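Any read-out appearing in this document is the output of simple, stated calculations on the displayed coordinates, not a laboratory observation. Given the structure is predicted, the values throughout are model-derived calculations rather than measurements. Cβ: placed from backbone, ideal geometry, glycine included. Neighbour counts: every protein chain shown.
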Amino acid sequence: MTAVTPHIPRLETERLILRAPSEVDLDADAEFFASDASKFVGGPLSRDETWRSIALMLGHWTLRGFGVWGVEEKATGVYVGRIGLWFPVGWPEPEIAWVLMNDATGKGYATEAALAARAHAYDVLGWETAISMIDPENHASKAVARRLNARFESLYDHPKFGATEIWRHPAPADLVNGGVEAYA
């Protein structure tokens, strides 16, 4: 079968490449989504459910014109996670989301890639605001949100996941002079 991919821009940071999600990510994603760590992002999932989640991300790009990228290390080409922009029907607002594979945590990758995704949302797509939705028990994800200068705003009763924290990112105007992006 020939894969058809919507136009997905490729972004690069100092250490990472943000590129189209791909079926080549399936083994790593399936391993992550079979682990307990996936409980914060809708898991655990079976391998076939994980494959469908990759298709879902590609479909989001097609329907919305933006979405979640597959992220890999520039130096090695190793897939490290899914990070990007998410706004499916039923979501309260456009989101900046991140999921790292278990062996990619603690390296600053989520912050680095989320900064690139947020800059794309603000500078290319013209977003005026963004949120990140975080499980109240996901302390590592809250730490990433704080490094992005996002602030806890409220609780949201997610129809599938229950109580979810909404973290508000700084607006584009708040980042121009001395904001996080100024130093990225």
(request) Please name whichever of V68, G81, V176 sits farthest to the positive end of the charge dipole of region 11-177, dipole taken about the Cα centre and charges placed at Cβ: Lys and Arg +1, Asp and Glu -1. (result) V176
(message) Place a point 7 Å from the Cα of E14 along the Cα-to-Cβ direction; which residues of region 107-150 have their backbone N under 16 Å from it?
(response) 107-117, 147-148
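Order of T105, T111, T76 from fewest to most other C-beta atoms within 10 Å? Could you put the intermediate results ahead of the total?
Values: T105 15, T111 20, T76 9.
The most exposed by this proxy come first: T76, T105, T111.
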(message) With +1 assigned to the C-beta of every Lys and Arg and -1 to the C-beta of every Asp and Glu, and no other charges, what is the dipole magnitude of region 11-177 about the Cα centre in debye, to the nearest 20?
(response) 260 debye
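Tell me which trypsin sites (Lys or Arg not before Pro) from region 9-69 have a DSSP coil assignment and no more than 10 other beta carbons within 10 Å of their own. Each step should come with its number before you reach the end.
Working: sites: R10, R15, R19, K39, R47, R52, R64; in loops: R10, R15.
Listed in order of number, the matching sites are R10.
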(message) Please list, in order along region 21-26, the HN-Hα scalar couplings obtained from phi with the Karplus expression 6.51 cos²θ - 1.76 cosθ + 1.60 (θ = phi - 60°), rounded to whole Hz, x for Gly and Pro.
(response) x, 8, 4, 5, 7, 4
(request) Before rounding to the nearest 500, sum -39500 (n - 2.57) across all DSSP H runs of length at least 4 in the chain and divide by the residue total; then give [θ] at 222 nm in deg cm²/dmol. (result) -9000 deg cm²/dmol
(message) Could you derive backbone 3J(HN,Hα) for region 151-165 from the dihedral phi with the Karplus parameters 6.51, -1.76 and 1.60 (θ = phi - 60°), listing whole Hz in sequence and x where the residue is Gly or Pro?
(response) 10, 4, 10, 6, 9, 10, 8, 5, x, 9, 9, x, 4, 10, 7
(message) Could you check the spin-label model distance between L155 and L56? Points 7 Å from the Cα along Cα→Cβ, value in nm.
(response) 2.4 nm
(message) Check which residues have an amide H placed less than 5 Å from V80's amide H, if you skip close sequence neighbours.
(response) V71, E72, E73
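What FRET efficiency comes out for the pair E137/L26, r = Cβ-Cβ distance, R0 = 25 Å, nearest 0.05? Display every interim value, and only then the final one.
Numbers: r = 27 Å, r/R0 = 1.09.
Working from the Cβ atoms, E equals 0.35.
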(message) For a quick check: with amide H placed at 1.01 Å from N, whose amide H comes under 5 Å from H158's, ignoring anything fewer than 5 positions away on the same chain?
(response) A163, T164
